[in-house]
Structure formats: structure tokens, C-alpha cells
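Asker: Mind having a look at this structure? Questions to follow.
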Amino acid sequence: MTAPRLEFDLNKIHHNARTLVNRLALRGISVTGVTKATMGSPEIAGAMLQAGVRTLGDSRIKNIETMRGASLTGSMMLLRSPMISQASQVVRHADLSCNTEINVIKALSLAALEAQKKHEIVLMVELGDLREGIMPDTLLNTVDEVLRLPNINIKGIGANLACRCGVTPDSRNMAELSDLADAIEASFDLTLEMVSGGNSANLQWALNGAETRRVNDLRLGESILLGRETLHRQPISGLHTDAIKLTAEVIESKIKPSKPWGKIAQTAFGETGGLGDRGLITQNILAMGRQDVDPDGLQPPPGVKILGASSDHLMLEMMRRGHPVGSEVSFQPNYSALLYAMTSPFVMKSYGI
């Protein structure tokens, strides 16, 4: 097969999604399946929908267009705040979008009016992680402004934690989100269908018996794809952590010194600092580099150590014996490595069951 390549086990991804859908349903929470790490792959999205996911979420409108083109039946949610320049595309392809800026929502309103459509929005609230979100003390004013706009429906509110600063979702900030939902409904003639509490970082809170109150949706990507929670990257009981692997081909296999020689300056990527001298080592080079993957996000097989990467080469130390030229080495990618590899046009994608 062609290498480098990402291989997806759709049965394992389906199992992970189904398991999380079932566990969260017992807590009154539905799942929005996040496809952004797979560039809106219709194969991955289809596995999520078959597992009971109700809505597909992605941060790029182009990925949503890809899924629309595959005739997938699920509702489509744009997770990243829309660009004003893409308002017409958003209204055309996304059923709902997450928003924080009134000027963006006004642009969506105009686009929806022109398209003779209703567009639903989720107002994102800032709860401390300092990525996107309306400050809580201005939320009611924002709702008041949005309700005056034609062709826009407020479907709910949401929050995002543990992405920029690692703020942990807990009973306190989830209760604050529920209180805000109650305040909106008490202040306006409005029923919020969705209170989206966050992402895979919320699973510890959601599954450990905490009172969920108004939170009835979580946006899950990494936990479905990689079987891990995202606060400490620990495996989730009952889920597969090996549904995805990244494989590359050996293009050089030699015995070399472990320590470089000559005057040392910066590397191609601005790094400094030499390597320790461990004598001669068995070094393999793979045809894959930083243009294809985040090397820091790869878990190598036993007996293999990643030494470094340039744009097109990944250098390995083989602790036992070197792989011959033409053979392959496979890795478990973390979320960052998956994101890079999926985006690279030089990495083939393979979907199997």
C-alpha cells in the first residue's frame, strides 16, 4: 500500500461513538460528533451517525460542504464562529452555528433573509478558558439584540473549556451555564433546546455522577476517534485507543554515530542544542516529516525512539534491530499528529472495517 498513510478502523470508531452515546444518554446528554480532525471525512461522519450521533460538528465550512456533498443525513453545526465573509456559505450549508459577535449574527440574518431560510445559532459563553465566548454579564443584552433579527433562531447556548488554557469543566462552571440558560428563559419568551456544555474534556464531569441540570449536549471528537479524555489523555474504559494508525516507509537504514560533528548552529526549524554521545546506533529514516505530521504527537512501537524530524524525514533509533529499506513502521497518533497528517495531501487515507 501507499505510504505514508492513515488507517482508520471504522468498526472501532463506531464502537467508541456508540458507547459514548449510550453512556451519556443515561445522563440526559446527546452527542455532537466532531469531525474537524478528519477534515469532514464522510466515512468517519457516517460511522458516527450510524452509532447514534445526532449532529455533526466541524470548525470549517468547507468540511461541512464535503459532508453535505456525501448526502449525509445528520444536522450540521459550524463550531467555530463564522467569518462575515462566509455568511452566505454558512447559511447555505450549516443548519446551525456557534456565535459570539452580534455583527456576525447580523450578517447571517441578512444571508438567511436573502436565502429565504431560517438559521439557528448557539450563543457561546465565556466561562474562563479565554477562547471564544460572550461575557456572562452581557449575555442577556446579546440575546435581546439577536431576537430582533429576522430569520435567526436561538437554539441554545454553549461553552468551551480546556482548549486554550486547560480550564477544567466542573460542577461550578457547568452550574453557571445552566443558570444562564434559566436566566435567558426567565427574561424572554424563549425555550432553549440546546445547552452544549463543552467537549471531550467534559466526560469526567458528565459520567461521574455530577448533576447535569440543563446541559444536554457535548461536542465529542478526540474521545470518539482516539478513545481518550482530554484533560489528562487517559484511556476511557471500554473504548478503543487504537482505531487510527499512521504508517510510513523506511528509506534509509544505517549504523551512524549518535552525536553530530562539526560546528553546531540552528536546525532547519530553528532548534538549538546538540545530542548526547551514546556511541554508534542503528538509525532508520522514514519518508515522512513535519510537512506531514507533528512528530511530538507520535507514539512509536516498542524498541523504537524518535530522534527528530525535518520537513520530509523522520529519524528513528532502532533499539533492537533496524528495519530494512522498503519496510514500514506504524505509530499511534495523538490528536495533534492526527490533525497534521489528515491535513497533509501527501498522506493517504484508508478506511476499513
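Asker: Within the stretch 319-332, which residues are at pLDDT 95 or above and either aliphatic (A, V, I, L, M) or in contact with a Pro (Cβ under 8 Å, 6 or more places away or on another chain) (or both)?
Answerer: Of everything in the stretch 319-332, those that are at pLDDT 95 or above and either aliphatic (A, V, I, L, M) or in contact with a Pro (Cβ under 8 Å, 6 or more places away or on another chain) (or both) turn out to be 325, 329, 330, 331.
Asker: Considering each residue of the stretch 26-63, count those that are part of a loop (DSSP other than H, G, I, E, B) and either out of contact with any helix residue (DSSP H, G or I) (no Cβ under 7 Å at 6 or more places or on another chain) or closer than 13 Å to residue 224 by Cβ (or both), and give that number.
Answerer: Residues flagged as part of a loop (DSSP other than H, G, I, E, B) and either out of contact with any helix residue (DSSP H, G or I) (no Cβ under 7 Å at 6 or more places or on another chain) or closer than 13 Å to residue 224 by Cβ (or both) within the stretch 26-63 amount to 8.
Asker: Something else about it: Just to be sure, is residue 233 closer than 20 Å to residue 128 by Cβ and surrounded by fewer than 21 Cβ atoms within 10 Å (Cβ to Cβ)?
Answerer: When the stated conditions are applied, residue 233 does not pass them.
Asker: Looking at residue 82 and the list (1) within 23 Å of residue 229 (Cβ to Cβ); (2) assigned to a loop (DSSP other than H, G, I, E, B), which single condition is not satisfied?
Answerer: (1)
Asker: Given the criteria hydrophobic (A, V, I, L, M, F, W, C) and assigned to a helix (DSSP H, G or I), does residue 20 qualify?
Answerer: Judged against the criteria, residue 20 is a match.
Asker: Same structure, new question: Could you say which residue among 237, 196 is under 16 Å from residue 21 (Cβ atoms), without any contact (Cβ under 8 Å) to a residue 60 or more places away in the chain and hydroxyl-bearing (Ser, Thr, Tyr)?
Answerer: Checking each option against the conditions leaves just 237.
Here is a yes/no grid of residues against (1) of a type in the set (Gly, Ala, Ser); (2) over 16 Å from residue 214 (Cα atoms); (3) touching a Leu at 6+ places or on another chain (Cβ under 7 Å):
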{"position": "109", "(1), (2), (3)": "yes, yes, yes"}
{"position": "112", "(1), (2), (3)": "yes, yes, no"}
{"position": "134", "(1), (2), (3)": "no, yes, yes"}
{"position": "151", "(1), (2), (3)": "no, yes, yes"}
{"position": "156", "(1), (2), (3)": "yes, no, yes"}
{"position": "159", "(1), (2), (3)": "yes, no, yes"}
{"position": "167", "(1), (2), (3)": "no, yes, yes"}
{"position": "184", "(1), (2), (3)": "no, no, yes"}
{"position": "194", "(1), (2), (3)": "no, no, no"}
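Asker: Okay, next question. On the given criteria, is residue 97 free of Cβ contacts under 8 Å to residues at least 60 places away in the same chain, closer than 28 Å to residue 52 by Cβ and either in the same structural domain as residue 140 (by TED's automatic domain parsing) or not polar (S, T, N, Q) (or both)?
Answerer: yes
The values are calculated or read from the model by the stated rules, or taken from the named source; none is laboratory data. Since the structure is predicted, the reported quantities are computational estimates derived from the model, not experimental observations. Neighbour counts run over all protein chains shown; Cβ positions are idealised from the backbone, glycine included.
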